[in-house]
1. Which residue out of SER258, SER211 is crowded, with 22+ Cβ neighbours inside 10 Å, farther than 18 Å from GLU432 by Cα and polar (S, T, N, Q)?
2. Going through region 266-281 one residue at a time, which ones are under 13 Å from the mean Cα position of the chain (by Cα) and either hydrophobic (A, V, I, L, M, F, W, C) or assigned to a strand (DSSP E or B) (or both)?
3. Of all residues being open to solvent by less than 70 Å² (accessible area, probe 1.4 Å) and β-branched (Val, Ile, Thr) in region 328-347, which is nearest to ALA119 (Cα to Cα)? Just the residue, please.
4. How about region 108-117: which of its residues are without any contact (Cβ under 8 Å) to a residue 40 or more places away in the chain and surrounded by fewer than 20 Cβ atoms within 10 Å (Cβ to Cβ)?
5. Take region 143-175 and flag every residue that is under 15 Å from ALA283 (Cβ atoms), over 15 Å from the mean Cα position of the chain (by Cα) and among the hydrophobic types (A, V, I, L, M, F, W, C).
6. Quick check: anything in region 194-206 open to solvent by 10 Å² or more (accessible area, probe 1.4 Å) and within 30 Å of ALA290 (Cβ to Cβ)?
7. May I ask you to list pairs of residues, at least six apart or on different chains, whose Cβ atoms are under 8 Å apart, with the first in region 60-71 being open to solvent by less than 20 Å² (accessible area, probe 1.4 Å) and the second being assigned to a loop (DSSP other than H, G, I, E, B)?
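The values are calculated or read from the model by the stated rules, or taken from the named source; none is laboratory data. In this text the structure is predicted, and so the values were computed from the model without any measurement. Note that we place each Cβ from the backbone using ideal geometry, even for glycine, and neighbour counts take in every protein chain shown. Surface accessibility is based on the protein's heavy atoms, side chains included, excluding ligands, DNA and RNA. Shrake-Rupley method; radii C 1.70, N 1.55, O 1.52, S 1.80 Å.
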Amino acid sequence: MREIKAGLLGFGNIGAGVVKLLHDNEELITKRLGARLVLKWIADIDIQRPRAVPHYEAMLTTNAWDVINDPEVSIIIELIGGYEPAKTFVLAALDQGKQVVTANKALLAVHGNEIFTKAEQMTVNLAYEASVGGTIPIIKTLKESLAANRFKSIMGIINGTSNFILSKMTDEKKDFEPVLREAQMLGFAEADPTFDVEGIDAAHKLTIVLSLAYDIRVDLKDIYREGITAITRQDIDFAQTLGYRIKLLAIARNRGGSIEARIHPTMIPRDELLASVNSNFNALHLSGDAADSVFLYGQGSGMMPTASAVVGDIMDIARDQLKGITCRVPGRSCLETQLREIALLPMEEVVTNYYVRFSALDKPGVLSRISGILGENNISIASVIQQGRTEGGPVPVVMITHKAREADVRKALAAVDNLEVVADKTVLIRMEDDSLP
């Protein structure tokens, strides 16, 4: 039986999952592939640490070049993560005409233009299903299944850590810090959770999705981003009272001459499908001109779910190799020369609904002063909630706005926060609710 040999760079959690899956499902993979997939090399800076997975035939090395330079190895699996040395190794493998599989969303988000161009020049595959949404087939859906669609909008939960934290805060009435510690204990959050809770990981993934959905080159820094660290139990409780849940959403919309792209905490109606996506699960809602509404849901991270996506990519490439073909589908759905240079819509020009919570002194005329400032900035109010009196002290006043422009809202809130009757900085959370005017 024909053998196809691969080499693994990175023997961490996901790397160990790939090795385990290749071993445990070897018979199934061989049957479905019609050839034997052999993992010849495993490279990692630490090959002494025991792993709870068998690696049998694979040779261990601390030198990645042993793997890349082996003429028998035709598929390189990059699971190192980060920018360097991953970028150097991936480009070197592509230069040698080797097929590459990666789960490295940060690398593709920042250096994707260079890497995809190199893969196309060398006529080799660069597969990256595991980079967005873990086990969910988001990349293949965009590249192949829905390739004939113009996407009107994309909205999703694409960071499991933040979703776990917000779900716990909502359903178990817990505060941010203890839930973050629980997420770290369970392995859902890193010791340094910045990439997850500040929306950086989600921005990496949205960058990749934007290129596939809209045939554009995207600069990561152009995507507006807010994390979840400022979300409080108080605002979660108000959201529930109003019939909403708060999620960290990645949002993209086709605005004709520009693309709207943003990541931030968002209130969505609790009867929406996305509102029911809890714990560390991910989901993506795609709206295409032909397909209409498509909802993808599943485990967005974790050792075995991510390994499933990686091994799926390896098998796709191996099938092409067995047929003597490569690059059947361009890396980013269309040729690199066909990607457009198009501006992302500045956040200041985004129009949506807003939840705003003021900390206002309980005095006559305060509400009318706040409402007056909003009105002067073209912002109309859909509803108001004011909690109990405190004998002249500050009380929370919540307003839901009709659709308004981000720049107008920021200007208005800056003026409100300067009022002597406002005791603290106003909280703003954007809303996505088609029922609101």
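1. The unique qualifying residue is SER211.
2. PHE281
3. By that ranking, first place goes to VAL329.
4. Scanning region 108-117 gives HIS111, GLU114.
5. LEU166
6. yes
7. Matching pairs, first to second residue: THR61/ILE47; ALA64/PRO85; ILE68/GLN96; ILE68/LYS98.
Listed here are the residues, each with its yes/no results for (1) in a strand (DSSP E or B); (2) in contact (Cβ under 8 Å) with a residue 60 or more places away in the chain.
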| position | (1), (2) |
| --- | --- |
| ALA202 | no, yes |
| LYS221 | no, no |
| GLY227 | no, yes |
| ILE236 | no, yes |
| ILE246 | yes, yes |
| ARG253 | yes, yes |
